[in-house]
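Each remark here refers to the structure printed beneath this line.
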Amino acid sequence: MAEAFLGLKDKTRDFTGVAFHGLIQRKARASPPRDACGMSTPPMPLAVRVIRAEHDALAAMLRTVPLLLAAQRRAGSPANFDALRAMLFYVDEFPERLHHKKESELLFPKLRALAPEMRDTLDDLDADHAQGERAIRELQHSLLAWEQMGEPRRDKFEQQLKVYSARYLRHMKREETEILPHALRCFGAEDWAELDEAFGSHQDPLAPRAGQAVDAAYAPLRERILAALPAPFGWGPELAQGLSTLRQ
């Protein structure tokens with residue numbers, strides 16, 4: 001997640017969906033990175049940085065919400081349905097409609113053409129994208145059912161959230177460990193110029209880029225989500241239990 005969101009640094013990437021050992025932050029460098037021979041390496045393409053930052057933001061939220069719900073259940077406090085609706089709207093509005101669309105329409109076709117051995121993986125990821133919109137609609141319906149019908153519907157929502165989050169985290173891990181490394185090896189300057197323009201054309205409110213203000217239209221959404229998430233990932237009070245594993 002972007003540092004402006006989390007305020008955390010130097011964490012390890014982990015999208016396994018099993019054990020989380022920290023959120024993904026890129027350490028600021030005082031000088032350009034160098035390879036084993038001491039030569040300066042080219043800067044990471046903007047598209048890759050945007051994809052990773054947006055993955056970070058979503059991963060942090062998906063991992064934190066179940067902990068927040070568990071803490072509220074233990075305390076007997078009511079769920080913040082306004083905040084939960086805002087979070088699901090965010091997932092639908094940005095990762096599902098913008099992030100996935102640009103991957104499936106731009107990034108994946110380029111890689112299919114240059115790396116035929118990746119086609120099965122790309123087919124799987126495209127299928128995930130196609131299923132994602134239906135899955136988020138089902139999750140939104142389950143949340144509404146819980147809000148309207150009460151506690152008997154809570155378990156179904158929490159179980160669906162668990163399944164959705166695990167699948168999404170596995171999906172992002174495959175993109176980061178399989179797709180992006182191949183893209184970095186295969187793509188040329190023209191490819192990256194097109195991808196940088198596309199991925200740089202929108203601003204995810206939970207993954208703002210350095211020096212760019214959050215779109216005013218989405219600022220209230222961002223504030224609503226951050227106010228509900230516990231510190232250190234959001235602006236809410238830190239949870240007494242559950243978050244220690246996220247800092248390891």
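The values are calculated or read from the model by the stated rules, or taken from the named source; none is laboratory data. Bear in mind the structure is a predicted one, so any value in this text is a computation, not a measurement. With ideal geometry, Cβ positions are generated from the backbone for all residues, glycine too; neighbour counts draw on all protein chains shown. Keep in mind that these areas ignore ligands, DNA and RNA; they rest on the heavy atoms of the full protein, side chains included. Shrake-Rupley method; radii C 1.70, N 1.55, O 1.52, S 1.80 Å.
The rows are residues; the columns are (1) among the small types (G, A, S); (2) in contact with an Asp or Glu (Cβ under 8 Å, 6 or more places away or on another chain); (3) part of a helix (DSSP H, G or I).
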residue: F157; (1), (2), (3): no, no, yes
residue: K162; (1), (2), (3): no, no, yes
residue: S165; (1), (2), (3): yes, no, yes
residue: D191; (1), (2), (3): no, no, yes
residue: L195; (1), (2), (3): no, no, yes
residue: A198; (1), (2), (3): yes, no, yes
residue: Q203; (1), (2), (3): no, yes, no
residue: E223; (1), (2), (3): no, no, yes
residue: A227; (1), (2), (3): yes, no, yes
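Go through the stretch 73-89 and give me each residue that's more than 22 Å from L221 (Cα to Cα) and in a helix (DSSP H, G or I).
Within the stretch 73-89, the first condition is being more than 22 Å from L221 (Cα to Cα), and the residues that meet it are 73-77.
Scanning the stretch 73-89 gives R73, R74, A75.
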Can you say whether R167 is among the charged types (D, E, K, R) and either open to solvent by less than 10 Å² (accessible area, probe 1.4 Å) or more than 28 Å from E223 (Cα to Cα) (or both), as far as the supplied structure shows? no
For the stretch 142-155, which positions are surrounded by 13 or more Cβ atoms within 10 Å (Cβ to Cβ) and either under 18 Å from the mean Cα position of the chain (by Cα) or not polar (S, T, N, Q) (or both)? L143, L144, A145, W146, E147, R153, R154
Matching residues in the stretch 203-221 (open to solvent by 20 Å² or more (accessible area, probe 1.4 Å), under 17 Å from R97 (Cβ atoms) and either in contact (Cβ under 8 Å) with a residue 12 or more places away in the chain or touching a helix residue (DSSP H, G or I) at 6+ places or on another chain (Cβ under 7 Å) (or both)) number 3
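Only one residue in L161, L184 is open to solvent by less than 80 Å² (accessible area, probe 1.4 Å), in contact (Cβ under 8 Å) with a residue 24 or more places away in the chain and over 15 Å from the mean Cα position of the chain (by Cα), so which one is that?
Numbers: L161 fails: over 15 Å from the mean Cα position of the chain (by Cα).
It is L184.
With I179, I225 as the choices, which residue is of a type in the set (A, V, I, L, M, F, W, C), surrounded by 14 or more Cβ atoms within 10 Å (Cβ to Cβ), in contact with a Gly (Cβ under 8 Å, 6 or more places away or on another chain) and modelled with pLDDT of 90 or more?
Working: I179 fails: in contact with a Gly (Cβ under 8 Å, 6 or more places away or on another chain).
From the options I179, I225, the qualifying one is I225.
Considering the stretch 94-104 alone, what residues qualify as being of a type outside the set (G, A, S) and without any contact (Cβ under 8 Å) to a residue 40 or more places away in the chain? Spell out how you get there, then give the answer.
First, the residues of the stretch 94-104 that are of a type outside the set (G, A, S): 94-103.
Passing the criteria: R97, H100, K101.
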